[in-house]
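Below is one structure; the comments refer to it alone.
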Amino acid sequence: MFVSPLPLPAIRTTFALKGMCAPDLPGTALQQSGTYAAVLARLGCKAALAQMRSGDLLIGQARIHLRRVGPLRIAWMPRGPVWLPGLTADLRVKATRGLPRDAPFRAIWALSHDTGPPPPGLRVARGADMAELDLRAPESARRAALHGKWRNRLARAETEDLILTQRPLDLSCDAPLLHREAAQRHARGYTGLPPKFTEAWADIAPDDSLLSIAYHAGVPVAFMLMLTHGDVATYHIGWTGARGRYLSAHNLLLWRASCALARAGVARLDLGKLNPTRTPGLDRFKLGTGAARRSLGPTMLRL
């Protein structure tokens with residue numbers, strides 16, 4: 001006897017094009033955070049907030065960034081939606097498929113996602129592997145999870161005459177550090193978010209960053225900047241000179257920053273993409289922290 005499967009709960013999606021003050025859900029990635037949307041709006045990219053509900057329960061939300069490319073409007077949803085824990089894959093797929101249909105605007109959609117099967121459409125970009133460091137374990141357990149060589153470099157850095165400071169980014173005095181990072185980026189030929197993004201973030205959310213600087217003999221030899229959003233932090237930019245590399249300053253900076261973030265209630269530190277072909281040494285540094293590899297889904301294009 002055939003028994004039909006139970007129907008999925010009805011899902012209602014609402015869109016807000018202004019006043020997107022909804023708090024970030026737990027586990028929200030940088031690209032889905034409210035501050036990220038506010039920064040992009042400052043830089044000329046409008047945004048919409050979609051909230052999916054089953055009955056009265058908010059089950060997920062997505063921030064969609066809207067921009068025009070010639071006559072076309074592109075609706076870009078990076079690393080979304082962000083879901084309530086425990087939802088089935090079928091329910092997530094059903095809610096995601098309904099976004100273009102329920103939106104109060106017409107656009108070409110570029111949908112990327114963190115978990116589950118990709119939404120239907122034309123694949124235009126492959127997925128990526130990310131390094132994510134869980135900060136919920138006790139400090140002793142997180143230190144024990146460090147790779148042996150990584151932990152040895154940390155121990156050595158702790159014996160050097162390095163002085164560390166930790167505070168939010170202050171553009172009035174930290175511009176020289178940002179210029180060093182920009183020069184390093186240009187020299188090494190890698191790309192990232194533009195300096196205007198960092199400047200706008202510091203203006204919009206002055207307390208939502210952690211700048212860690214290592215000094216040796218009174219001179220800065222390395223720094224790292226993390227951006228915080230809800231219960232997640234994201235490694236944003238960093239710089240080190242020859243002296244900082246010799247002293248393993250980045251190991252000490254990252255370890256101390258992760259401890260400070262954990263004490264502040266941050267549950268996860270996102271260390272960015274892994275690329276074993278182009279940056280194998282950087283990948284080893286990220287994974288040496290005990291970070292887990294997380295595979296993201298492809299970007300799908302649909303009307």
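Bear in mind these aren't lab numbers, they're just calculated from the coordinates by the rules spelled out. Everything quoted here is computed from the prediction, not taken from an experiment. Cβ atoms come from the backbone with ideal geometry, glycine included; neighbour counts cover every protein chain shown.
Here's how it looks for ALA75: its modeled amide H is under 5 Å from those of ILE108, TRP109, ALA110, which are all 5 or more places away or on a different chain. What distance in nm separates the simple spin-label points at THR165 and LYS273, each placed 7 Å from Cα in the Cβ direction? With each label point 7 Å from Cα toward Cβ, the separation is 3.4 nm. Distances between placed amide hydrogens fall under 5 Å for ALA47 paired with LEU66, all partners being 5 or more residues away or on another chain.
Between VAL124 and ALA155, the contour length at 0.36 nm per residue exceeds the alpha carbon distance by 6.7 nm. Starting from the Cα of ARG106, step 7 Å toward the Cβ, then list every residue of segment 51-66 with an amide N under 20 Å from that point. Counting backbone N atoms under 20 Å from the label point, the list is 65-66.
Here the Gaussian network model covers the chain, with springs between Cα atoms less than 10 Å apart; of THR240, THR88, THR14, THR88 fluctuates the most.
Counting only DSSP beta bridges whose two residues both lie in segment 27-112, roughly 80 percent are antiparallel. Helix 195-204 axis versus longest C-alpha principal axis of the chain: approximately 80°, rounded to the nearest ten. Among the lysines of the chain, pairs that are 8 or more positions apart or on different chains and have alpha carbons within less than 24 Å of each other number 7. Were the residues from ALA145 through ARG284 laid out at 0.36 nm apart, the gain over their Cα-Cα distance would be 48.6 nm. Based on DSSP H segments of at least four residues, each scored -39500 (n - 2.57), the chain has a per-residue ellipticity at 222 nm of -9500 deg cm²/dmol.
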